[in-house]
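Structure, as structure tokens:
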Amino acid sequence: MAPRFGPLQLGLAAAGTAAAVLDVCVDGWVAAEYAWGGQPGLAALVLALLAVASVATQACSWLWLRSDPPALRPDVPQWLVAVLHLLQLGFLFRCLHALRVGWKVCWEKAEEEEEQSRMAFLSHDISMLRLFETFLENTPQLTLLLYVILQTDKAEPSQGLGICTAFLCVTWSLLDYHKSLRSFLQDKYELSWHSSIVYFLWNLFLICPRILVVALFALLWPYSVAVHFPLVWLAMFLWVSLQGTDFMESPGPEQLYRAMVAVILYFSWFNVAQGRTLYRSIIYHSFILVDSTLLALSWLWCQSPSEEHSYLIPLVSAALPCYLLGLALRVAYYKWLHPNLQTQQEGSYDVVDANGGTDELEFRSLSVPDLVNRRMQWLAQAQFPVSRTVGQRFLNGAAALESAV
């Protein structure tokens, strides 16, 4: 049975679409103010980040549409869909198409299992694409905005709005992605409001210090980030590759997926593979903590107490406690609020290291298996424990093709 899609979900989908349009408008506003203020370089950088994120997102969207079952493709000519993606309107088209299907499901009483499954499929893809676009666009732009504000010691209204919308988009996209993964579980594992708050907060407390120290490092040496980011990104890309991801339908697009995940990992934890999550998480957070500490210490070492940015020293000093608070909230979430807790009560294995026991979470039964989003289902299997037998049904991409031969 597919998760129920109702008026509340339709309203949230409409709000997400409006937020995506607003985000692009705010980016244009910020870039225009930079250009009018005699800073064409910053304007070009804002637009370049927007363009790179858009191109990567549109590429994923198009690749997914080509590999989806014909029954799930929009009822428009394929050439028109291709043109929309070339014009960087593919993601917006997906959102509008999902709203149309959602309206049909909610108000035209189309409650058949097939229509519900179709809407769930569309929602899962939009959630993943939104996550990609957010981390490829909003987090770098957020770092850039913070750098400019610290450099000029003043904040324009557009910059303040940009920072607020960017932080909200980043944390909300992570929460929406997690809720999307949970939708593959049975209703008793649905994400509650207090779980959502804790999940939202621990991501916020982990991302904020990271963005702050990167912005301060850029403030100290403006071109240093152009060296630091590629090096850390390359390390994350190699780490993701070693984990053997299998998200896309073929090896070529899989490299694009790994490249985008590496950008996410530069700012935030993102689980991409099955296995011992606890140890991978410890390695990742230890690396990011050491790297962020070195960036902060570099700024503190070169910052004179008499300089104009000395007021930032207390803020930098609070970055480490903020990060540790985020880790504490994450531990609390996995200890008391994670869906694995319900199965752990009958077993005896570590909640984070989910594959260590014999009790698995119960996934939804699939009455319309052809309308299941295998990409997101594969990630759900990586996030939550499933039995070996059930896991065989969740193969995706190249693994699924190999198993069919």
Quick one: how many residues across segment 6-49 are in a loop (DSSP other than H, G, I, E, B) and open to solvent by less than 30 Å² (accessible area, probe 1.4 Å)?
1
Return the residue satisfying two criteria in turn: it lies in segment 109-127 and is closer than 23 Å to ALA18 by Cα and among the charged types (D, E, K, R), and of such residues it is modelled with the lowest pLDDT.
ARG118
In segment 56-95, what residues are surrounded by 13 or more Cβ atoms within 10 Å (Cβ to Cβ) and among the aliphatic types (A, V, I, L, M)?
ALA56, ALA59, LEU63, LEU65, LEU72, VAL81, ALA82, LEU84, LEU89, LEU92
Positions within segment 271-327 being modelled with pLDDT under 90, closer than 30 Å to TRP378 by Cβ and either open to solvent by 60 Å² or more (accessible area, probe 1.4 Å) or hydrophobic (A, V, I, L, M, F, W, C) (or both), in sequence order
VAL272, ALA273, GLN274, ARG276, LEU278, TYR279
Could you tell me whether GLY252 is on the phi > 0 side of the Ramachandran plot, open to solvent by 40 Å² or more (accessible area, probe 1.4 Å) and without any contact (Cβ under 8 Å) to a residue 60 or more places away in the chain?
no
Would you mind stating whether LEU181 is open to solvent by less than 40 Å² (accessible area, probe 1.4 Å) and either among the hydrophobic types (A, V, I, L, M, F, W, C) or without any contact (Cβ under 8 Å) to a residue 40 or more places away in the chain (or both)?
yes
Just give me the residues in segment 196-249 being among the polar types (S, T, N, Q), assigned to a helix (DSSP H, G or I) and open to solvent by 30 Å² or more (accessible area, probe 1.4 Å), in sequence order.
SER241
Note on segment 145-156: residues at pLDDT below 80 and either surrounded by 12 or more Cβ atoms within 10 Å (Cβ to Cβ) or over 15 Å from LEU219 (Cβ atoms) (or both) are ALA155, GLU156
Of all residues in segment 47-96, count the ones that are among the charged types (D, E, K, R) and over 20 Å from MET376 (Cα atoms).
1
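Suppose the filter is in a helix (DSSP H, G or I), touching a residue at least 12 places away in the same chain (Cβ under 8 Å), under 17 Å from HIS124 (Cβ atoms) and open to solvent by less than 50 Å² (accessible area, probe 1.4 Å); does VAL105 pass it? Give the derivation first.
Working: in a helix (DSSP H, G or I): yes; touching a residue at least 12 places away in the same chain (Cβ under 8 Å): yes; under 17 Å from HIS124 (Cβ atoms): yes; open to solvent by less than 50 Å² (accessible area, probe 1.4 Å): yes.
So VAL105 fits the description; yes.
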Look at PHE247 and say whether it is of a type in the set (Phe, Trp, Tyr) and touching a residue at least 40 places away in the same chain (Cβ under 8 Å).
yes
Within segment 145-165, can you find the residues that are among the hydrophobic types (A, V, I, L, M, F, W, C) and either in contact (Cβ under 8 Å) with a residue 60 or more places away in the chain or in contact with a Phe, Trp or Tyr (Cβ under 6 Å, 6 or more places away or on another chain) (or both)?
LEU145, LEU146, VAL148, LEU150, LEU161
Please specify each residue of segment 73-102 satisfying the condition of being among the β-branched types (Val, Ile, Thr) and under 13 Å from ASP125 (Cβ atoms).
VAL101
Flagged in segment 328-343 as modelled with pLDDT of 80 or more, open to solvent by 60 Å² or more (accessible area, probe 1.4 Å) and of a type outside the set (Val, Ile, Thr), in numbering order, are LYS335, TRP336
Pairs where the first residue, in segment 72-86, is closer than 20 Å to GLY102 by Cα and touching a residue at least 60 places away in the same chain (Cβ under 8 Å) and the second is in a helix (DSSP H, G or I) and aliphatic (A, V, I, L, M), C-beta under 8 Å, 6+ apart
LEU72/LEU122; LEU72/LEU371
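The values are calculated or read from the model by the stated rules, or taken from the named source; none is laboratory data. Note that the coordinates shown come from a computational prediction; the quantities given were computed from them, not determined experimentally. Glycine also receives a Cβ, built like all others from the backbone with ideal geometry; neighbour counts cover every protein chain displayed. When the accessible area is computed, the model is the full protein with side chains, heavy atoms only, and any ligands, DNA or RNA have been set aside. Shrake-Rupley method; radii C 1.70, N 1.55, O 1.52, S 1.80 Å.
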